[in-house]
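The values are calculated or read from the model by the stated rules, or taken from the named source; none is laboratory data. Just so we're clear, the structure is a prediction, and the values are computed from it rather than from any experiment. Here Cβ is always computed from backbone atoms with ideal geometry, including for glycine, and neighbour counts include all displayed protein chains.
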Amino acid sequence: MEQSLSVSPQVTQIPRLGAGFGLRAGAQVIDLIVHNVVGVAVGLIIGVLIGLYAFATGMPPSVLSAKLQASTPVGYIFPLIGYVFYHAISEGMYGATVGKLIFKIHVLNEDGNPVAMGPAFVRSFAFYIDGLFFGIVAATNMRSSELQQRLGDKWAKTVVVERSAFNQFQRPSGWKFVMVFLLAIAVDGFIFALSLLFKLL
């Protein structure tokens, strides 16, 4: 007598508890460090290229250096945009930035499925509202939410969960994280480089 084997479909677990403010703030500190290191590295590369250009053309390097050091709106806005892209790419393609990976937290949709690029951009742009007054806006909204969602999470319909507390969680491969991380910092660095190049125009 033949027996038929039936495989029950996996039911997506809906998140019931979000990660706390401390874990998420710690992850942001790590990500800010990464973002600033990328900015310093790009600045050094641009500085070397400017030195070579000045040597080849006979132009005084001080003229170009003065332009780079000038404070302009582009110089402030572009790095902020780069940080948004760093977060959105990392979370939209992997579910976590390097900071979140270290603190063992992950971004998911409210229904427990992986987050897509659209919601990842929404929550990343909203960070600049949630981060006002040293994160008081985010902390206040998280306290009033059972899932500890900040404004960006509510607008994007996302939840940040601790991996250890989420039974269904399956972390993507390490190689995928490496590829996504390299893409994220490359885009962040490119946008930062554009801000420096615009200063030279």
Cβ-Cβ under 8 Å pairs, at least 6 apart or on other chains, the stretch 29-58 side under 30 Å from residue 134 (Cα atoms) and of a type in the set (A, V, I, L, M), far side modelled with pLDDT under 90 and in a helix (DSSP H, G or I)
42/196
Confirm whether residue 156 is farther than 14 Å from residue 109 by Cα, of a type in the set (Gly, Ala, Ser) and at pLDDT 90 or above.
no
Among what's in the stretch 114-143 and is assigned to a helix (DSSP H, G or I) and in contact with a Ser or Thr (Cβ under 6 Å, 6 or more places away or on another chain), pick the residue that is surrounded by the most Cβ atoms within 10 Å (Cβ to Cβ).
123
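Please determine whether any residue of the stretch 53-61 is of a type in the set (Val, Ile, Thr), within 13 Å of the chain's Cα centre (by Cα) and not in a loop (DSSP other than H, G, I, E, B).
Initially, the stretch 53-61 is screened for residues of a type in the set (Val, Ile, Thr), giving 57.
Right, trim to within 13 Å of the chain's Cα centre (by Cα) and you get none.
No.
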Got a sec? Which of 176, 199, 154 is in a helix (DSSP H, G or I), exposed (fewer than 14 other Cβ atoms within 10 Å of the Cβ) and of a type in the set (D, E, K, R)?
176
Looking only at residues that are in a helix (DSSP H, G or I) and among the aromatic types (Phe, Trp, Tyr) in the stretch 74-101, which one is farthest from the chain's Cα centre (by Cα)?
76
Checked pairs for the stretch 132-149, first of a type in the set (Asp, Glu), second outside any helix (DSSP H, G or I) and surrounded by fewer than 15 Cβ atoms within 10 Å (Cβ to Cβ), C-beta under 9 Å and 6 or more apart or across chains, list as 146/16; 146/17
Flagged in the stretch 94-103 as surrounded by 16 or more Cβ atoms within 10 Å (Cβ to Cβ) and either at pLDDT 95 or above or closer than 21 Å to residue 17 by Cβ (or both), in numbering order, are 95, 96, 97, 98, 99, 100, 101, 103
Within the stretch 109-123, residues in contact (Cβ under 8 Å) with a residue 40 or more places away in the chain and touching a Gly at 6+ places or on another chain (Cβ under 7 Å) come out as 115
